[in-house]
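Working notes for the structure below.
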C-alpha cells in the first residue's frame, strides 16, 4: 500500500510562516490523530499535504495530477458545503463517477448510517446527517489514504464514537488515515498515533500515552486534564484551563 | 391629410400675411438671419440676399442629406443651440416644425423673432414653403420665380408620363421604415410614373413595413434609404439576403433630393425615370 | 427519468420550431408555407420561408441554447442560482465588444471579428466578475459586481453609438439592451455558429467538474477535478456562447436564470444533467418568446428583452426572497 511522506513542508501566508519545515511519515495501518489549538496549522498541514495550497518542500501527494491523486487520497474538508439539493446517493456517487450502484457507494452509505436517507435532498438534512453524508462520499472514494479535517465536529456522541471506530477500522485494513481532532479524549482512545501541532510546528509525535502528558497539555493547550488507563486504553478528560490562557489572534485559522 | 391641411393653411397664411403682418411689411427685411433646420437652411440659401443669411446648421454641409452641401461651405455653421444662436444676435431665426421646442421657446423669450416652417409633405407644401421663405426674407419676387420654374419643369415631366400599367415602388430604409402615401416621397414616386406601395397597403403616414411583408408584396422597385456614414444595426436589414434575391434587378437609392421640399425633388423624379429606363 | 425529460424537451423544441416557421405578418396556411419551405422556388413566399423565417427560427434555437447552457454553467461554477450572464453584466460587456467591432468597421473587414469581439468583451466581463465577487460567488458581492459591470458596459455602449456618424446608430441602443431576432438571416447564423460551437464544446466538457463542485472547490479538487482548467473552460465557454449570442441577437436577459431554475428540480439538482436540459430549455424559451413578440404586436419589432424581463424578473424576485429566507 501507500505511505504518506512530507519532507520540509512549509507554507507561507503573506509573510507569516503558518507551517514550518514539517517532516512526517505515515504508514499504512496507522490511524493518526492530528491535534493542536486553534490556529496551530492543522488544516494548513492537511491541505499542503494534498497540494491544495502552495507550499515549499515535498509531499508525496502534492506532485500528483488531480486525477491520479483522487485515486490515492480522499479528502474531507472542514467546510461542509452542499451547493445544490441533490439526493444523498448522487452526492456519495460523485466519488465513483456518478455510479449509484457501485459497491463502494452502497457500502459507504451503509457504514455511515445514511442508507435510509439515500433519496432525500442532502440540503434538507440536519447538520450532523450532512456531515455523515459527506464522510460517506470520502469513504466511497475507496483510497489507500484518507485525510479528514475535523470530521466528528457536530456529530452526536454515538456517531462520534462510531466514526472514530470506523476510521480505526479503515486503518486496520491497511490504509493511512489522518484526522484533525479537537476532542482529545476520543483522540486518545481511538488513535494509534498522535501528532501535536503548535504554532505551525510538530511539537510531539507518537503513541497517545507517550505524547499526551500533563506537561504537553498544559504547555500547548493550556489545560489540566484527568488522565487514566481503563481497559487497556487511555482516558483523558479536560478539567480546567490554566489561568494564563489568553485568546490567540486569528484563532479561527484552524 | 397633410396635403389638404397644407393647401388650406397656405391660403390662410397668404391671407394672414396680407392682413395681419402689415407692421412687418413696414419693417425692413431682416439682415441677420440664422437657420437651425436642414430644410430651412437650404430654402434660405436658395433665396437669401447676399450677406443676409448668417449661419446654417452643420447638417447643411453633409452631402448625404443636403442638396446644397457645397454652397453651405460658404456659410458659418451652428449646432441649433439657443446659446450660440443668441450670441450671434440674429433678427430672425428660421426653424422647422419639429425643431426642439425648448430652443424655439427660449429664443422667443429672449425677444428673437422665430419663423416656423412646416415640413413639406407634398409639392403644394413645397411651393408654400418657398413662398413663405420669400416673404419672411423680403425676397418675394425671387421666391415666385423659383416656384414658376419648378411648375414649368414639373409640367414638362408630367407630359412625358411613361405608357402602360404603372409599376409599384416602395421606399424602404432603416428598421424597415416606409414613407406613407401622403408624403413628399409618394409624390416623387407617382410623378415618376409608379404607384407607391404605401398607397396599395392603405398606409397614409410613414410606418414600419416588416421585411416579410415587403418581400410578399414583391414591389417592382425598392428605393432604399442608406446613410453612408458609420454603421447602424438598424440599417443591416437593407442588406438582408431575401431583399437581394427579390430586388437585385431594381433597386434605387434615396438621395438628398428626397429629404427636403426643394425644387431638387424633380431631380429625384428624373433619377427614378432614367433608372427605370436603364433597368428595362 | 432524465432521458424522458430530455426527450420531452426535444419534442417541445421541435414543435415550437415548426410554430416559429409558421409565425409572421403574412397570413399563409401551414401547408402552403411548408411546401414553400421544402419545395419552393424563387417566389416571394418561398423566399420568406427560406431566407427570413428559417434562419430566424434556427437562430432562436442557437441563441436560447447558448444562453440556457451558459446560465447553468455559470451557476454551477459560482454555486449561486442568481449567477446569470445577463444579470451579472456579461451580456452587456459582450454587447460593448460587438458594438466596438461594428463601429470601428472591423466587423466588416475581418471574418468573425464581430463574435470574436463580443467574446472578448464577455471574457473581460466574466474576468471582472470573478475578480470582484470571488470564485466562491457570495450573492451580495456577485449582484453588486454585476450591477456595476452592467452600468459601465451599457454606458460605454450608448456612448459609442451616440458618437457614431450614422443617424440611426443611437436607435441601436435599444436593440443592444433589449435584444431581438427580427430580420436576421443566414449571415448571422454563419457568424455565430463557429464561436457558439466552441462555447458549447467547452461547457459540455465541464459537466463532470461542475457536478463535483457541488461539494466545494477543495472537495472537487480532491475528487480529481483540475480546478484551474475547469474555471478556464467555463469562463471561455460562457464568454463564447454568450458573446456569439449577443453579437447577433443583442442582450437577451434572464434566459439563463429562468430555465435552470425551473429545470433544476427535474434533474435532481445535478449540475451536470442540468446542462443539456438547460440548453434545450433555453432554446424552448427563446423560441416561445420570439413567437410571442410576433403574435402580440405583429409587424412591430417588440424586443425579446421586454418579454424575457416580464417572465424573468418575477423569478429573480422569488429567488432573492428564498435566499433571504435561507439566510
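For this structure, a couple of remarks:
- Helix B:2-19 vs. chain B, principal-axis angle (Cα, 0 to 90°, nearest 10): 20 degrees
- Residue of A:59, A:43, A:126 that the Gaussian network model of chain A assigns the largest fluctuation, springs spanning Cα pairs under 10 Å: A:126
- Solution diffusion estimate, µm²/s, Stokes-Einstein, region C:157-289, Kirkwood Rh from C-alpha pairs, 25 °C, viscosity 0.890 mPa s: 147 µm²/s
- Taking every C-alpha pair closer than 8 Å and separated by at least 6 residues, the mean separation divided by the residue count of region B:168-279 gives a relative contact order of 32 percent.
- Percent RCO, i.e. relative contact order, over chain B, from Cα pairs under 8 Å lying at least 6 residues apart: 18 percent
- Shown for C:109, C:251: other C-beta atoms within 10 Å of each C-beta, ranked fewest to most, produce the order C:109, C:251.
- Estimated [θ] at 222 nm from DSSP helical runs (n ≥ 4, -39500 (n - 2.57)) normalised by residues in chain B, nearest 500: -13500 deg cm²/dmol
- C-alpha long axis of helix C:54-78 to longest principal axis of chain C, angle in °: 10 degrees
- A viscosity of 1.567 mPa s and a temperature of 4 °C, combined with the Kirkwood radius over C-alpha pairs in the Stokes-Einstein formula, give region C:51-326 a diffusion coefficient of 71 µm²/s.
- Distance-filtered residues of region A:122-140 - backbone nitrogen under 18 Å, label point 7 angstrom along residue A:182 Cα→Cβ: A:127-132
- For region C:109-140 versus region C:171-223, the inter-centroid distance based on Cα atoms is 11 Å.
- Region B:168-279 - Rg and Dmax from Cα coordinates, angstrom: 13.0, 35
- Choice from C:212, C:239, C:192 with maximal GNM fluctuation in chain C (Cα, 10 Å cutoff): C:212
- GNM result for chain A, Cα springs below 10 Å: residue of A:28, A:151, A:87 fluctuating most strongly: A:87
- Once the Cβ-Cβ distance of residue A:113 and residue B:177 is raised to the sixth power relative to R0 = 60 Å, the FRET efficiency obtained is 0.25.
- Euclidean distance of C-alpha centroids, region A:201-246 and region B:98-174, integer Å: 103 Å
- With the convex hull of the Cα atoms taken as the outline of region B:11-145, the averaged projected area works out to 8.1 nm².
- Residue order for B:194, B:98, B:86, fewest other beta carbons within 10 angstrom first, comes to B:98, B:86, B:194.
- Translational diffusion coefficient of the protein assembly as shown (Stokes-Einstein, Kirkwood radius from Cα pairs, 10 °C, 1.306 mPa s): 49 µm²/s.
- Spatial separation of Cα centroids for region B:209-262 and region C:54-73, in angstrom: 29 Å
- By the count of other C-beta atoms within 10 Å, a proxy for reagent exposure, C:58, B:189 are ordered fewest to most as C:58, B:189.
- Cα coordinate range in chain B, projected on the principal axes (Å, largest first): 59, 41, 31
- Between residue C:187 and residue A:224, the FRET efficiency estimated from the beta carbon spacing at R0 = 60 angstrom works out to 0.15.
- Distance (nanometres) between label positions extended 7 Å along Cα→Cβ at residue A:7 and residue A:207: 2.9 nm
- Cα long-axis angle, helix B:123-137 against chain B (0 to 90 degrees, to the nearest 10): 20 degrees
- Legend: P(r) of region A:1-152 from all alpha carbon pair distances, 5 Å bins from 0, whole percents, reading 2, 9, 17, 20, 18, 14, 11, 7, 2, 0.
- Calculated on the alpha-carbon coordinates, the convex hull of chain A measures out at 133 cubic angstrom per residue.
Only the coordinates and a few stated rules stand behind these numbers; no lab work does. On a predicted model such as this, the values are computed, not experimentally measured, just so you know. Positions of Cβ are generated from backbone atoms using ideal geometry, with glycine treated the same way; all protein chains shown enter the neighbour counts.
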